[in-house]
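Student: I have a structure here, written as structure tokens, and I will follow up with some questions on it.
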Amino acid sequence: MVHLSSFLGAIGKQTHEFFAQIARLSELIRSFLYWGFLAPIEGKKSLRRELFAKQLVFIGNESLFIVCLVSASVGAVLALQAAYQLRQFGALLYTGSLVSVSMTRELGPVITAIVIAGRVGASITAELGTMKVQEEIDALITMGIPAAPFLVVPRIFGLVVMLPCLTILSYAVGMIGGYLVGVVGLHINSDLYLHGNFSALVPKDMWTGLAKSFVFSLIIGVIACYEGLSVKGGADGVGRATTQSVVLSIISIIVADGIFTAIFYYVFP
Amino acid sequence: MTDKGIMKPLPGTTRGVMSAIKIEGLHKYFGEREILKGINFQVSEGETLVVLGGSGCGKSTLLRSMIGLLTPEKGSIHILGQNMATATEDQRNDIRKKFGMLFQGAALFNSLTVGENVALPIKEHTRLHPDIIRIIVKVKLELVGLTGFESLRPYEISGGMRKRVALARAIALDPKIVFYDEPGAGLDPITANVIDRLIIDLSKKLKMTSVVVTHEMKSAFRIADRMIILHQGEIVACGTPQEIQNSEHPYVKRFINGEEGPVALETKDSYLKGILEEDDR
């Protein structure tokens with residue numbers, strides 16, 4: 001009987017905590033939407049330009065190298081793996097097509113989002129979490145400055161602008177990686193490789209990839225800010241929230257990618 | 001000397017002096033735990049009130065309620081005539097522009113320089129030209145005895161300096177009231193004394209009302225015009241430092257002399273429940 005009551009108590013506590021989290025997440029999204037879109041219409045000071053610019057530099061410029069490195073590696077590996085199978089059918093020339101379509105439709109957006117979730121999402125959570133622990137967010141509120149336009153809006157807007165840009169860069173660098181492997185390593189004729197690379201691409205490949213990266217940017221931004229602002233305790237709380245933020249972002253990105261791929265396949269064939 | 005938080009005008013001040021802060025029937029619960037049990041007091045304009053009490057007596061909850069970070073279940077908190085307890089978030093932000101707050105750990109933004117930290121409330125709430133803001137920042141930093149520190153980052157200066165920068169930020173908008181949370185915490189006695197002197201000087205020079213929450217007796221007696229002592233969520237004594245010193249209240253005597261008392265029994269479950277419900281808010 002005691003075990004049953006403690007079991008039911010644990011379920012009740014978990015359920016209560018789950019709904020409390022949903023409520024806090026909804027409040028964060030509501031604040032973001034209000035301060036991001038409605039407040040400027042009402043004449044309130046919303047997006048702080050210098051903070052936004054700072055985020056653009058941090059998310060965009062400072063991620064260039066890592067996004068290029070990962071995308072080039074993925075493009076190169078993709079070309080090698082594709083060649084391994086295509087060679088058996090004498091279809092090595094299609095390596096370029098496979099790399100370009102895979103990079104634009106799938107790997108470019110997903111890989112870039114995962115890299116940014118690890119680099120930027122973790123940083124946002126750690127920064128906001130530390131600010132919360134050190135009472136900096138309380139200080140902001142006490143100064144009559146709402147936290148959302150100051151902390152959340154510039155970060156999410158920064159991600160929304162820069163993630164698609166980095167994704168486009170990832171397309172290009174991934175294709176260059178594939179091209180180098182195809183031409184130098186697999187000895188495919190350069191013109192033929194490029195022809196295969198670009199002839200397989202259609203505009204839909206590009207915009208579906210960009211649409212995904214837009215959604216991924218919102219996922220990373222909302223999760224990173226939510227986890228950061230929900231930190232409890234001290235340094236260990238910040239560490240836990242940062243890990244949670246990255247793990248949750250990556251899982252959400254992969255699940256959202258599956259859903260969007262299915263939507264694009266069945267609804268917009 | 002009055003017990004149970006009944007207001008007594010400050011000796012030497014004129015009766016009928018306007019209240020900068022007026023708190024009536026304040027109750028705050030975390031879950032089933034009643035943290036504040038009907039607090040009543042007021043602070044006259046220009047007065048320095050020190051809220052004293054041991055750990056867990058509710059003084060931080062009282063302070064956080066006064067600055068609008070917590071909403072009490074019952075009672076009113078009038079700050080310069082506006083009720084913080086019932087105000088909407090927009091109204092609270094308007095009230096907050098009229099007071100400054102010095103946090104225990106200074107709470108400076110590490111991503112901003114010292115100058116940018118002090119300039120932040122001015123930039124956010126005024127449309128002053130950047131050159132004028134720069135001059136105001138310089139003046140505020142000079143008031144707390146820091147000149148030429150504008151370009152340094154908070155992590156490049158000492159703890160005492162950080163507190164002074166936070167004080168400069170708290171007075172950046174020339175507030176009528178400044179709240180201080182444990183101003184001497186974590187500082188050596190000499191630096192803590194410097195901060196106390198600053199509080200006294202600034203209150204006089206700028207004619208500010210000050211509310212200082214602390215558990216440090218020396219500091220409290222140095223800066224207070226009037227003191228209240230909180231114990232288990234209730235005001236057990238209220239009066240001038242002299243009156244508090246001569247108090248016959250057993251807890252006050254024990255607190256002032258740092259004597260040991262009976263250890264309050266508390267169950268882990270009720271304590272944790274209170275904490276968890278506080279986090280949900």
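The numbers here are math on the coordinates, done by the rules we state, and not lab data. Quick caveat, the model's predicted, so the values are computed rather than measured. Note that each Cβ is placed from the backbone with ideal geometry, even for glycine, and that neighbours are counted across all protein chains shown.
Student: Hand me the list of helices (runs of 4 or more DSSP H) wholly inside the range B:180-267 holding 1 or more residues that are surrounded by 14 or more Cβ atoms within 10 Å (Cβ to Cβ) and hydroxyl-bearing (Ser, Thr, Tyr). Spell out the reasoning first.
Tutor: Details: elements: B:189-205, B:217-223, B:241-245, B:250-257.
The helices (runs of 4 or more DSSP H) meeting that bar are B:189-205, B:217-223, B:250-257.
Student: If we only count helices (runs of 4 or more DSSP H) wholly inside the range A:1-112, which ones have 1 or more residues that are of a type in the set (Lys, Arg)?
Tutor: Details: elements: A:2-33, A:49-59, A:64-86, A:95-102.
Here the list reads A:2-33, A:49-59.
Student: Restricting the search to the range A:239-252, which residues are hydrophobic (A, V, I, L, M, F, W, C) and surrounded by fewer than 23 Cβ atoms within 10 Å (Cβ to Cβ)?
Tutor: So the first thing to find is which residues in the range A:239-252 are hydrophobic (A, V, I, L, M, F, W, C), and the list is A:241, A:246-248, A:250-251.
Across the range A:239-252, the qualifying residues are A:Val246, A:Val247, A:Leu248, A:Ile250, A:Ile251.
Student: I want to confirm something. Restricting to the range B:96-128 and keeping residues that are at the interface with another protein chain (Cβ under 8 Å from one of its Cβ atoms) and part of a helix (DSSP H, G or I), which single residue is farthest from B:Ser76 (Cα to Cα)?
Tutor: The extreme case among them is B:Leu120.
Student: Quick check on my filter: what residues within the range A:181-198 are surrounded by 16 or more Cβ atoms within 10 Å (Cβ to Cβ) and either touching a residue at least 60 places away in the same chain (Cβ under 8 Å) or not in a helix (DSSP H, G or I) (or both)?
Tutor: Initial filter on the range A:181-198 (surrounded by 16 or more Cβ atoms within 10 Å (Cβ to Cβ)): A:181-183, A:186, A:188, A:193-194, A:196-197.
Across the range A:181-198, the qualifying residues are A:Val181, A:Gly182, A:Leu186, A:Ile188, A:Tyr193, A:Leu194, A:Gly196, A:Asn197.
Student: Another question about this same structure. Filter the range B:86-95 down to residues that are out of contact with any strand residue (DSSP E or B) (no Cβ under 6 Å at 6 or more places or on another chain) and either in a helix (DSSP H, G or I) or at the interface with another protein chain (Cβ under 10 Å from one of its Cβ atoms) (or both), then give me how many there are. Even if it seems obvious, please write down each step before you answer.
Tutor: We begin by selecting, within the range B:86-95, every residue out of contact with any strand residue (DSSP E or B) (no Cβ under 6 Å at 6 or more places or on another chain); these are B:86-94.
With either in a helix (DSSP H, G or I) or at the interface with another protein chain (Cβ under 10 Å from one of its Cβ atoms) (or both) added as a condition, the list becomes B:89-94.
Residues meeting the conditions: 6.
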